[in-house]
Each structure stands twice: as structure tokens, then as C-alpha cells.
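Presented below is the structure to which this report refers.
FYI, it's all coordinate maths here, none of it is from the lab. The shown structure was predicted, so the numbers you read here are calculated from the model rather than taken from an experiment. Cβ atoms come from the backbone with ideal geometry, glycine included; neighbour counts cover every protein chain shown.
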Amino acid sequence: MPRHLSRYLLLALLLTGLSACSVFSHRDPLNINVVGIEPLSAQDLEIRFAVKLRLQNPNETDIQYDGVALNLDVNGRLLASGVSDQKGTITRFSEGVLTVPVTVSAFAALRQAVGLSEKQSLDNVPYELHGKLAGGLFGTLRFYDSGTLSLPQPASGSW
């Protein structure tokens, strides 16, 4: 008799776990968009920017995060990458802005400069943003955004 009881208990736990997974799988993805890029002070052979992301939570539950990482591709090439250990919550049906410092190495800047034609300006440059928002009850949330942006003009002599 105890053997049958353990099977029923195992079956009940399995069904409970599956039903919990189905409840969590009906979440809408976060809407994450680049809303700004501002220059930061640089060191040696690197350029630094603050990438501002607007995070929108279209779900009925809060989303907690504990860290963010991103890569910014411009003109189809990796330009910058950054991480931040920021923690926060995006409450249900709300939005917030998260600022992530990113670094452009001198070599990445050189690759971009070589890839730009002389006639191409720093306005309406195509970009792709790949990243992840870590932590919370639902684990890591990956995100993607693309579009065009206008890069800040470098100060004379800084490139």
C-alpha cells in the first residue's frame, strides 16, 4: 500500500509542477527600446557611452531584475558592450528607464570608422541591440531591439 501512495504523491507533484509552468508561460515579453545614448568620460584607448533603455512591462505581475548585459551592433558590427549589476522592479503595466554604461574599444571604433563611407554621417545609423535582464522569479529575460539612431558627435581629437 505505501508503494501506491508514493506513486500517487509523485504524480500529484508532477501535475502541480506542470500546471505551474503553464501559468508562467503565458507572460507577454518585455518591450525594451533604446531611448538614448550619451557620452561618458573615457579612459585611455576606449570610448564610453550610457545607453538608456525603456523597459515596458505589459503583464499583470511585477518583474524583478538583478543585472543587465547588452551588446550594441552598429552597421552590422559589434560596437559596444556593457554590463550593470543594477537591481529593480518593473511593476505590472508600467515602464521605467534603465541606464547601462557601455564601452567601445579603440579597435571596435577603428573597425566602425573603416566601415563607414566618407559620405555617411552619424545620423540614422542602423543598430541592433541584444541583451539579457537577469534575475527574478522568471529567470533571465532576453531582449532584442533594432532601428536607427544618431550617434553623438565625438569631440575634436577624441577619436
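What about A42, is it hydrophobic (A, V, I, L, M, F, W, C), out of contact with any His (no Cβ under 7 Å at 6 or more places or on another chain) and in a strand (DSSP E or B)? Considered against the rule, which asks whether it is hydrophobic (A, V, I, L, M, F, W, C), out of contact with any His (no Cβ under 7 Å at 6 or more places or on another chain) and in a strand (DSSP E or B), A42 comes out as no. Just to verify a result, which residue in the range 64-112, among those that are touching a residue at least 40 places away in the same chain (Cβ under 8 Å) and in a loop (DSSP other than H, G, I, E, B), is surrounded by the most Cβ atoms within 10 Å (Cβ to Cβ)? The qualifying residue surrounded by the most Cβ atoms within 10 Å (Cβ to Cβ) is N75.
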